[in-house]
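Comments concern the structure below.
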Amino acid sequence: MEGSVRKRKDKWYYSYDLATIDGKRKRIERVGGNTKKEALLALRMALNEYEQKGRHTDEQGISINDLLKEWQENYVAYNNAQTTREANQKIIDSHILPDFGGRRITTISSKELQKFINKKYAKNYSSSYLSRIKNVLTMSFDYAVNPCQYLKESPMIYIKIPKIRDKKSKSKEVLTASEFDTLIDYFKGSSKYLHLMIGFYTGCRIGEATALTWDDVDFKEQTLNLVKTSYYAKKHYYIGHSKTDGSVRKIKVGDTLINVLRDAKKKQMEDRLYYAKYYKDIYLIDEIDETGEAYHRIHTFDGYSNSNSGQLTNFVCLQENGALVTPGTFKKAPVIAREKLDIDFCFHKLRHTHATMLIEGGASIKAVQERLGHTTIKTTMDIYAHVTPRMEKELVDIIESQR
């Protein structure tokens, strides 16, 4: 490939042709320097770059705004759930664009990115949230390197999250027996009660509890099928696939939860008779997203509505009038727990409590992994294989018994 140089006013320029596309030729011309020799050297370097990479490098670069948009549309939309896409966008809008918006990606250095992460760390964001912020930046810059080749190397390669301070011990993430008893005594008879019992006795995620249908409950075998989850997107609740393949599981439960579920099913039948045509039936309506994947949107129909469509679905966790108890409606429970019961509570603490009780009771990490639906045993180890006060005392007792 050949190029040429020429002088315009007081500068020397170099130029060369790109590959023909659709029969059209595009010529690149750039400033090469103040002398012909400098322009020829710049031309040689540009031609080497083009021939090795098969592309032209625009020294100005794409903006961070355009990169993030392109990454979301061309990669994330086809590889992640809608909830992930929306969570990414919130991080982009709330954190990344306020600091880097309008900048060319070629001007953003690793030093700046490390300072950015350090600044977020100083604001006491949780380790998981910091990881999400870092992950958005890492994956989008990786996308800029390959397949886009906007950059030769990602500036995120060497970025580290500072060592997280232990704001609270793992034991604080676990409910005591008395705290759980207080919770269920207070919420017994309310629509939140069944969620609490399912969470405590199964260790499932709140979306998994919400998505349970009576078809998932086998009273004879005393098992629950955890094969789907609920999530909020585009101002609606949806039922979708479980978080990962490992999340799809069938677990055994004991008499306590089975009896609670029997009572709940009986109560639902009584509520349906009482509310008659005004009892809310829940339908799942299929929707297709931009990638062609089907999702099931939750639609509620009762005597006040003018249409019903989709597939009628019998959910387990319902309010008295038949409306679904969603993660959104359950949010009132933690507020009440803090304000009226003086208990620092969120639904995920039931999952931590369940796992810790199993480990303290001698269950193997592998069994806990499968019950919780973690894809790998490493995840279970990282989260739950800590020494609780009870386990620490047992270690001391073992040493004492040997003397």
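Remarks
- Shape call, region 64-145: gyration tensor on alpha carbons, a/c limit 1.5: oblate
- Couplings 3J(HN,Hα) for region 264-276, derived from phi with the Karplus relation 6.51 cos²θ - 1.76 cosθ + 1.60 (θ = phi - 60°), are 5, 5, 5, 5, 4, 5, 5, 5, 4, 5, 5, 7, 6 Hz, where x marks Gly and Pro.
- Of all lysines in the structure, the ones whose alpha carbon falls short of 29 Å from that of LYS9, not counting any fewer than 8 places away in one chain, are LYS26, LYS36, LYS37.
- Whole-Hz Karplus values for region 211-216 come out as 7, 4, 10, 5, 5, 7 Hz, taken residue by residue from phi with 6.51 cos²θ - 1.76 cosθ + 1.60 and θ = phi - 60°; glycine and proline positions read x.
- Sorted on the mean count of surrounding Cβ atoms within 10 Å across their residues, most packed first, peptides 146-155, 345-354 read 345-354, 146-155.
- Amide hydrogen neighbours beyond the local backbone of GLY33, cut-off 5 Å, H modeled: TRP12
- Counted by neighbouring Cβ atoms within 10 Å, the residues VAL260, VAL325 run from fewest to most as VAL260, VAL325.
- Order of ARG44, ARG205 under a 10 Å beta carbon neighbour criterion, fewest first: ARG44, ARG205
- Global geometry of region 323-371, whether rounded, prolate or oblate, following the gyration tensor of its Cα atoms and the 1.5 cut on a/c: oblate
- Computed from label points 7 Å out along Cα-Cβ, the spacing between ASP397 and LYS265 is 4.0 nm.
- Residue exposure sequence - ILE285, ILE62, ILE92 - by fewest surrounding Cβ within 10 Å: ILE285, ILE62, ILE92
- Taking 24 Å as the limit for the C-alpha separation, the pairs LYS120/LYS340; LYS250/LYS378; LYS234/LYS332 exceed it in the case of LYS120/LYS340.
- Gain on full stretching of the segment that runs from ARG103 to LEU47 - 0.36 nm per residue minus C-alpha separation: 17.5 nm
Read the figures in this text as sums done on the coordinates, not as results from a lab. Keep in mind the model is a prediction, meaning the values are calculated, not measured. Please note: Cβ atoms are built from the backbone with ideal geometry, for glycine as well, and neighbour counts cover all protein chains shown.
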